[in-house]
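I have placed the structure first, in the form of structure tokens, so that the comments after it can refer back to it.
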């Protein structure tokens, strides 16, 4: 242990004597480690952002999209653009036991005008279950009630982005907006839900589905764009998916093996898909970063070999006064490890500083996890050992007589 | 057993291209404790090979070498490193100090490889430097020292482990006459005061004249081995 400490002292002394060279050599490792740490932090940050966005869709949601299955015009009446209807939702609500709530919505981007502003906003017709399934919370005011839904009342709830566009800082509750030629009374505001993987969930106006059908897009009948079912628990998710599929196949009279006119996706599937994309991206970036680390390691080896040649005489002296080959080897190995370790630690610091500097521009937080730091440190030590081994071995195997004669 | 150095039938052959060169041929040599020996010879005579074998830097092709009663002929590389560290102090023609390293750190180096602790190292290195008259130069690097001072640092480094044998390979080769004699005087004093065996390899007759025993090597053999009853006292000469 003491011998190792003295060897370390000697190694560090040698490196300090060649300050500039040591510094430049470790810059290679610094860049590599910084790149790896940054990419890892970026990856895990992006992943948790995706998780958060998917969570914001609701909990255990099964999405049922209408999908015109017309592959060839000759194919049966199921393809007549029937799509999903409110009665389908009704059936699911009634029959699917793994489902706790079902909601429908239709959306159209429409020009909405208020007394103080106007803009293209997603106007959504929703039923009263929509709030639960999608996890929308009312910030001020209230939701529409059952009688308002049944009487197709012209009432609306407004989400933050839309509120900002139409009313700025004014309190919208009790004010009016106009969609097409119909005025709507704002009865409540919604809490922000942020970005989903698909869209800004805050740029919306929510009105009763009945009102939407008769006032906003009167041509659709009782068809809806999307049915969403909330599975009872995460474990019920696939059961719910199966039940929904069965019910709809039956209702739409689609035979087993035939292409259905709808598509089902669960929240878990979205999550897996998104995470899959990010894993691939992260792995790609990490391999590029790892290559730069490898290049840094080769640089260390190169400099160590130059050092062994330059210091041949010194090695001869050390051997003459009683250094064993093993001790020479350990000294040179420690020199290369000290170089790479220094580069590694500096790389982590640089990566951290860069993260702090660019945190605001990125829009989501990067996560510097302790495991990544540990791996980075271990990797730099490992690189020092691997790329220092051969030069150190060469130093240890020098013939002392030849080495002493070396000019 | 009374000899410090005992060579028996030592030969060293080199392969130089297709030809075998007999650098040393069947050399017998005994050097007792406290002797002051000069090995002289022209270049190519084999005196450097002899030196390397005495210094445990090289192995003989044939024969046996005992140092302080230890047969070092068949020792492993590590064991011979240990022998060099414990029993031999080296002084070279080119001083061979580590550059950009203080005199003190240079002198401490053999103790580092012996595993001596930092405080003890400092104490012994400082004492060795004082012994060679460089107590006020401990923090100077070789570049800041004159040739004679550098060689004295090298002698301090050879002495710091208290070895029974000090091998000096052309120790005055790079020094002017006055400094040469100062260095020689130091070696003589060490031999006398501490009973260290000193073996100097040289090709200069006046340096050899300072030794009590002069061994002449020629064509890989000991050509002449004579006592010098009236060795020059280098220090006297240096004061002329």
- prompt: So residue A:316 fits all but one of (1) touching a strand residue (DSSP E or B) at 6+ places or on another chain (Cβ under 9 Å); (2) within 14 Å of chain B (Cβ to nearest Cβ); what number is the exception?
  reply: (1)
query: Just one of the numbered conditions (1) surrounded by fewer than 21 Cβ atoms within 10 Å (Cβ to Cβ); (2) within 14 Å of chain A (Cβ to nearest Cβ); (3) in contact with a helix residue (DSSP H, G or I) (Cβ under 8 Å, 6 or more places away or on another chain) is not true of residue B:68; which one?
result: (2)
task: Report yes if some residue within segment A:322-332 is surrounded by fewer than 18 Cβ atoms within 10 Å (Cβ to Cβ), within 28 Å of the chain's Cα centre (by Cα) and not assigned by TED's automatic domain parsing to the domain that holds residue A:99; otherwise report no.
output: no
task: Kindly state which strands (runs of 3 or more DSSP E) lie completely within segment B:140-230 and contain at least 2 residues that are closer than 19 Å to residue B:7 by Cα and within 17 Å of the chain's Cα centre (by Cα).
output: B:165-169, B:197-202, B:213-218
task: Sort through B:183, B:160 and tell me the only one that's within 14 Å of another protein chain (Cβ to nearest Cβ) and crowded, with 24+ Cβ neighbours inside 10 Å.
output: B:160
message: Whether any residue in segment A:48-59 is over 29 Å from residue A:291 (Cβ atoms), buried (at least 19 other Cβ atoms within 10 Å of the Cβ), at pLDDT below 90 and out of contact with any strand residue (DSSP E or B) (no Cβ under 9 Å at 6 or more places or on another chain) is what I want to check.
response: yes
message: Among the residues of segment B:59-103, what is the count of those that are touching a strand residue (DSSP E or B) at 6+ places or on another chain (Cβ under 7 Å) and at negative phi?
response: 18
message: Any residue in segment B:35-56 that is within 13 Å of another protein chain (Cβ to nearest Cβ) sitting within a Cβ distance under 6 Å of a residue that is part of a helix (DSSP H, G or I)? List the pairs, counting only those 6 or more apart or interchain.
response: B:52/A:401; B:56/B:80; B:56/B:83; B:56/B:84
message: When the residues of segment B:71-92 are narrowed to those that are in a loop (DSSP other than H, G, I, E, B) and closer than 19 Å to residue B:163 by Cβ, which ends up nearest to the other protein chains (Cβ to nearest Cβ)?
response: B:92
Residue count, segment A:319-347 (criterion: touching a helix residue (DSSP H, G or I) at 6+ places or on another chain (Cβ under 6 Å) and either more than 8 Å from every other protein chain (Cβ to nearest Cβ) or closer than 30 Å to residue A:34 by Cα (or both)): 19
message: So, residue A:397, is that one within 14 Å of another protein chain (Cβ to nearest Cβ) and modelled with pLDDT under 90 or not?
response: no
message: Quick check on residue A:23: is it within 13 Å of residue A:339 (Cα to Cα) and either part of a helix (DSSP H, G or I) or more than 17 Å from the chain's Cα centre (by Cα) (or both)?
response: yes
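Residue-wise test of (1) surrounded by 13 or more Cβ atoms within 10 Å (Cβ to Cβ); (2) in contact with a helix residue (DSSP H, G or I) (Cβ under 6 Å, 6 or more places away or on another chain); (3) closer than 24 Å to residue A:133 by Cα.
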| site | (1), (2), (3) |
| --- | --- |
| A:250 | no, no, no |
| A:261 | yes, yes, yes |
| A:269 | yes, no, yes |
| A:274 | yes, yes, yes |
| A:286 | yes, yes, no |
| A:293 | yes, yes, no |
| A:297 | yes, yes, no |
| A:304 | yes, yes, no |
| A:308 | yes, yes, no |
- prompt: Considering only strands (runs of 3 or more DSSP E) fully contained in segment A:162-241, which possess at least 1 residues that are in the same structural domain as residue A:134 (by TED's automatic domain parsing) and over 31 Å from the mean Cα position of the chain (by Cα)?
  reply: A:176-179, A:182-190, A:204-208
query: Can you find even one residue in segment A:366-381 that is under 30 Å from residue B:80 (Cα atoms), assigned to a helix (DSSP H, G or I) and more than 14 Å from chain B (Cβ to nearest Cβ)?
result: no
statement: Selection over segment B:10-19 where residues are over 22 Å from the mean Cα position of the chain (by Cα) and assigned to a strand (DSSP E or B) yields a count of 5
query: Out of the residues in segment B:20-58 that are assigned to a strand (DSSP E or B), surrounded by fewer than 22 Cβ atoms within 10 Å (Cβ to Cβ) and more than 18 Å from the chain's Cα centre (by Cα), which is modelled with the highest pLDDT?
result: B:28
task: Tell me which residues, restricted to segment B:107-119, are at the interface with another protein chain (Cβ under 9 Å from one of its Cβ atoms) and in contact (Cβ under 8 Å) with a residue 24 or more places away in the chain.
output: B:109, B:110, B:113, B:114
query: Does residue A:403 satisfy the condition of being part of a helix (DSSP H, G or I), within 11 Å of chain B (Cβ to nearest Cβ), farther than 19 Å from residue A:294 by Cα and touching a helix residue (DSSP H, G or I) at 6+ places or on another chain (Cβ under 7 Å)?
result: yes
field: Answer residue from segment A:13-45, given it is within 14 Å of chain B (Cβ to nearest Cβ) and crowded, with 16+ Cβ neighbours inside 10 Å and is modelled with the highest pLDDT among those
entry: A:22
- prompt: Within segment A:256-267, is even one residue more than 14 Å from chain B (Cβ to nearest Cβ) and at positive phi?
  reply: yes
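The values are calculated or read from the model by the stated rules, or taken from the named source; none is laboratory data. None of these values were measured; they are calculated from a predicted model. All Cβ positions, even for glycine, are placed from backbone atoms using ideal geometry, and neighbour counts span all protein chains on display.
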